[in-house]
Amino acid sequence: MKYLFPVLVGCVVLSGCTRDAVQAELNERSGIPVAFERVASVNLSPLDTPTYRIIVDQDSWTTAWSELVAGRWPPAPPAPSIDFESRVVLFVGAGSLPTQLLSFGVVDVRLRNGVVKVTVREEWPGSQCGSLPVITRPVDIVTIPRLSSETEFLTERTSRC
C-alpha cells in the first residue's frame, strides 16, 4: 500500500490518466464496495459451532432460519422474505464463546477479481476489561446482490474496553 500513492501520482502526472483510471486502479487493489442489508443479528443463538456460509435459495434459507429460531420463540417467526433471483444471504455465526463479545458481524463486503470478500469483525473485551463469564453464540445475517459464485470470509479480531 505504501507504494500505491506514488504509482497513482505518476499515472496522473506522466500519462494524463483520468480520475476514472485512478479509481479503477484503487478498485483493482482494494475491491469495489458492495452494499449489504442486515436481516437479523442475535447474541444468543442455538448454534454452537462457527458458521460462515452463503445461502442462494429459498429452501436453504428456510432451513437456516429454522436452525436460528429453533426452540427460542414459540411460535417461531417466519423467515424474512428474500428475492433469491437478485440477492443472496450471508449467514455468519461465531459459535459458542466463553464471554459476550462487544460486537460481532459483517462490517465490509467487497468485490475483487470476481471474488466476494466478506469481512466479519469480532470485537472482544480487552485483557484489562472486566467481562462476565457467560456463554454467547452471536449470529449476523445480511443480504447482498447476487454477484459471484465464489465468496471468501475474512475474520478481523479486535479488542477494547
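The values are calculated or read from the model by the stated rules, or taken from the named source; none is laboratory data. Please read these numbers as outputs of a predicted model, since none were measured by experiment. Note that each Cβ is placed from the backbone with ideal geometry, even for glycine, and that neighbours are counted across all protein chains shown.
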(message) Taking the conditions exactly as written (on the phi < 0 side of the Ramachandran plot, among the acidic types (D, E) and either in contact with a Gly (Cβ under 8 Å, 6 or more places away or on another chain) or in contact (Cβ under 8 Å) with a residue 40 or more places away in the chain (or both)), does D108 satisfy them or not?
(response) yes
(message) When you check V134 against the structure, is it loosely packed, with under 15 Cβ neighbours inside 10 Å and either modelled with pLDDT of 95 or more or closer than 30 Å to R160 by Cα (or both), yes or no?
(response) yes
(request) Tell me, please, whether a residue that is in contact (Cβ under 8 Å) with a residue 24 or more places away in the chain and either in contact with a Lys or Arg (Cβ under 7 Å, 6 or more places away or on another chain) or under 23 Å from A35 (Cβ atoms) (or both) can be found in the stretch 125-132. (result) yes
(message) Name the residue that is modelled with the lowest pLDDT, counting only residues in the stretch 25-50 that are surrounded by 13 or more Cβ atoms within 10 Å (Cβ to Cβ) and small (G, A, S).
(response) S30
(message) Taking the criterion of being of a type in the set (F, W, Y) and either part of a loop (DSSP other than H, G, I, E, B) or outside the structural domain of P46 (by TED's automatic domain parsing) (or both), would at least one residue in the stretch 56-68 satisfy it?
(response) no
(request) Sort out which residues of the stretch 69-103 are within 20 Å of F153 (Cα to Cα) and at pLDDT 90 or above, and write them in order of number. (result) R87, V88, V89, L90, F91, V92, G93, A94, G95, S96
(request) Go through the stretch 105-129 and count every residue that is in a strand (DSSP E or B) and farther than 17 Å from C161 by Cβ. (result) 14
